[in-house]
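Worksheet for the structure shown next.
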Amino acid sequence: MRLNPLFASLPTTVFERMSGLARQHDAVNLGQGFPDGPEPADLLEAAARALRERSNQYPPSRGLPELRAAAADFYNRFDGLALTPENVVVTSGATEAIAAALMAAVTPGDEVVVIEPAYDAYRPLIGRAGGVVRAVSLAPPEWRLTAEALEAAVTPRTRVLVFNNPLNPAGRAFDAAEVEAVASVCRRHDLIAVSDEVWERLVYDDRRHLSLSSVPGMFERTLKIGSAGKLFGLTGWKVGFITGGGALLEAAAKAHQFITFSTPPHLQAAVAEGLIWPTERFVDQAAALARSRDVLAEALKAEGFVVLPSEATYFLCLDLKSSGVVASAVAFADRAVAEHGVAGIPVSAFMSGEAGGGVLRLCFAKPDAVLEEAARRLGKARHGD
Ligand code: GLN
């Protein structure tokens, strides 16, 4: 049978694979990024109410009017933009939003700059749109992005740049100079930016998230991706947003109408209620996660691991090499889940080169007891006993 080789030759995503192994071995799962409760009861109740009391038929393809309005207000509040509901398209999760954005922006033959480590969905989706990836590779422990590295990846065929800020799995919240470096490369070379900002409200230690859309000259060339799953710790809901304007957003909305067409209306109604939460509630969520990060980091240090800083996201990284582990992160992760009952994600899954080979990503959005048990088990895996 002749199949599209792009998908036929693709391995199962590392997140699905590691979650499967975690279930199989009854392991503590610090792999795929999702929180272990508590889930926001008000939003669960809002979804249940909407399911019972409101229409369960197709909502408008671009989203429920109330959700588009709430998303516009949310981004105006946090990013200082002046969006209207027309600037918002609701999607079935951020991954669908990324697919629609890339289908809209990439013409076959275009080169697309991707900053690695990168979410493993970008590369196949760019390939499916006919684009050719040009990778800019960041290196641990700083994972710093420079204008020179970006410039070196741009050619006359470059049309699109994919930016992920904050950056999963590195836990980087890029600073103003780095975001400006991305913006100036886009402006100078007339690039469209797909800005995946799903971790925008999970930024720690008084750092500020700077949205690429809010940088002068960027709104009109940027499709910004958001995620209700990440905003509210409800990753299974798969409600995402594309924000932008003009012909660029129109094209993404057209792509969306033939990927999923629309997104379950009761979940949209509930997300609209979450987006109007007071700012303190988002701040409190981030503070609780920063605390969990510290619990995991301390427990891992006590086991003798070298822990890389995490400024944002659900994740921190272990520098296995500096921790005295000779095995690759892939081999260590496989052994840790099968023999010691703890799952993590090797950062090499996010990189085409070697830079992630000795780094393991761990999700800290878990209760303290789970984090402490995971650290103990990783310590055993490290000693090979
Ligand atoms: N973004 C999630 C993570 O990094 C994975 C998303 C998914 O598995 N679809 O864990």
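The values are calculated or read from the model by the stated rules, or taken from the named source; none is laboratory data. Please read all numbers here as calculations on a predicted model, not as lab measurements. Here Cβ is always computed from backbone atoms with ideal geometry, including for glycine, and neighbour counts include all displayed protein chains. Note: accessible area is taken over every heavy atom of the protein model, side chains too, but ligands, DNA and RNA are not part of it. Shrake-Rupley method; radii C 1.70, N 1.55, O 1.52, S 1.80 Å.
I'm trying to understand the selection: among the residues of the range 93-135, which are within 12 Å of Phe350 (Cα to Cα) and within 16 Å of the ligand (Cβ to nearest atom)? Write out each step before concluding.
As a first pass, look at the range 93-135 and keep what is within 12 Å of Phe350 (Cα to Cα): 114-123, 135.
Scanning the range 93-135 gives Val114, Ile115, Glu116, Pro117, Ala118, Tyr119, Asp120, Ala121, Tyr122, Arg123.
Pick from Asp36, Asp73: which is open to solvent by 20 Å² or more (accessible area, probe 1.4 Å) and either within 16 Å of the ligand (Cβ to nearest atom) or under 30 Å from Arg335 (Cβ atoms) (or both)?
Working: Asp73 fails: either within 16 Å of the ligand (Cβ to nearest atom) or under 30 Å from Arg335 (Cβ atoms) (or both).
Every option except Asp36 fails the conditions.
What are the residues in the range 22-33 that are within 16 Å of the ligand (Cβ to nearest atom) and assigned to a loop (DSSP other than H, G, I, E, B), if any? Talk me through it step by step, then tell me what you get.
Step one: of the range 22-33, the residues within 16 Å of the ligand (Cβ to nearest atom) are 22-23, 27-33.
Scanning the range 22-33 gives Ala27, Leu30, Gly31, Gln32, Gly33.
Go through the range 11-33 and give me each residue that's open to solvent by 20 Å² or more (accessible area, probe 1.4 Å) and of a type in the set (S, T, N, Q).
Residues satisfying the conditions are Thr12, Thr13, Gln24, Asn29, Gln32.
Take the conditions open to solvent by 30 Å² or more (accessible area, probe 1.4 Å), in contact (Cβ under 8 Å) with a residue 12 or more places away in the chain and of a type in the set (Val, Ile, Thr) and apply them to Val325. Does it pass? Write out each step before concluding.
Working: open to solvent by 30 Å² or more (accessible area, probe 1.4 Å): no; in contact (Cβ under 8 Å) with a residue 12 or more places away in the chain: yes; of a type in the set (Val, Ile, Thr): yes.
Answer is no for this residue.
Taking the range 70-85, which residues are over 16 Å from Glu197 (Cα atoms) and without any contact (Cβ under 8 Å) to a residue 60 or more places away in the chain? Spell out how you get there, then give the answer.
Here is the first cut: in the range 70-85, the ones over 16 Å from Glu197 (Cα atoms) are 70, 73, 82-85.
Ala82, Thr84, Pro85, listed by residue number.
Within the range 343-385, track down each residue that is closer than 11 Å to Phe332 by Cα and within 16 Å of the ligand (Cβ to nearest atom).
The answer is Ala343, Gly344, Ile345, Pro346, Val359, Leu360.
Give me the residue from the range 264-306 that is in contact with a strand residue (DSSP E or B) (Cβ under 9 Å, 6 or more places away or on another chain) and buried (at least 21 other Cβ atoms within 10 Å of the Cβ) and, out of that set, farthest from Lys380 (Cα to Cα).
In this case the residue turns out to be Gln268.
Within the range 174-213, work out how many residues are within 16 Å of the ligand (Cβ to nearest atom) and either in contact with an Asp or Glu (Cβ under 6 Å, 6 or more places away or on another chain) or assigned to a loop (DSSP other than H, G, I, E, B) (or both).
The number of residues fulfilling the criteria is 6.
Taking Asp79 as the residue in question, decide whether it is within 26 Å of Thr313 (Cα to Cα), touching a helix residue (DSSP H, G or I) at 6+ places or on another chain (Cβ under 6 Å) and more than 16 Å from the ligand (Cβ to nearest atom).
Criteria met by Asp79.
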